[in-house]
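Colleague: One structure, as C-alpha cells, below. Some questions next.
What follows is calculated from the coordinates using simple rules that are stated; it is not laboratory data. Note that the coordinates shown come from a computational prediction; the quantities given were computed from them, not determined experimentally. Positions of Cβ are generated from backbone atoms using ideal geometry, with glycine treated the same way; all protein chains shown enter the neighbour counts.
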Amino acid sequence: MDNPSMADPPTRDDSPLTTITTLVSRSGQERFVAEAFEQTFGEDREGTSHRAALLIQQEGGISFLLSRFSGRDALERWRASGRHQSMVDAFDAHSLRELCTIEQPVVRICVPSAASGPKWKTLVASWVVTFPLLLGLVRLLDRVLPWAPQLVRIALTSVVMSVAITWLISPAILRLTRTWRLSNQQMKIVVVGSPAGGTGSTTAHPIV
C-alpha cells in the first residue's frame, strides 16, 4: 500500500528525499523480493531515476528497500515508469508492502521485526500446534513405557517438547503466520532534524 508523504513540512521539489518500502514476504516466497530487486536495478540503475537503492533483508522474511531521489520530480518520474510498476506487481504478488516517503534530512526509524505482532496471535498459533503434539506424545509414552514412573515420562516429554519448540515449532509458526501477525504493524518515524531546525514525530500507516 502506497502511503502519502510522511514529511512535515514539505520540502522543495529539488530537495533530496528517501522512500522506504517495507516488504513482509509470504511463507516460502522470500527469494522473490530479492529477484524483483535485482531485476529492476541490476542492469540499468540510471534508468530508474534513483541516486541510490539499497535492499536490507532480515532473517525471517522482512525486507526494507531504501531508495534515494534527487527530488520529488525524480520520484514522480520513477513512479510513472513501467519498471516501477513491474517491480510493484512483483512485490505485491509475494509480500505485503508499505511505502513511506521521508523528506526530512535526519530521522530515526523503528521498524517491526520478524517476531513482532500481537501476543495473542502468537499464543493461538503456538497452542494450535503444541496441544495435539503434546497429547500424542503423552499417549505414545503411555503405550510404549507404561511401566515407567510418571516423573520419567514427564522428563522425556519435556525434553522432546523443548527440542521441538526450539528447532521446529517456533520457526515454523513465525514463518507460516508472518503475514497474519504483521498485517497491522507500524513503522515509527521520529524526526530528529529538519531544514528549519524543528523536530517532531510521525507514524507510517500500518502494513495492510
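Colleague: Taking the Cα atoms of the stretch 119-178, what is the range of coordinates along each of the three principal axes, in descending order and whole Å?
Modeller: 43, 17, 16
Colleague: Given points 7 Å out from each Cα along the Cα-Cβ axis, report the Q85 to E38 separation in nanometres with one decimal.
Modeller: 2.7 nm
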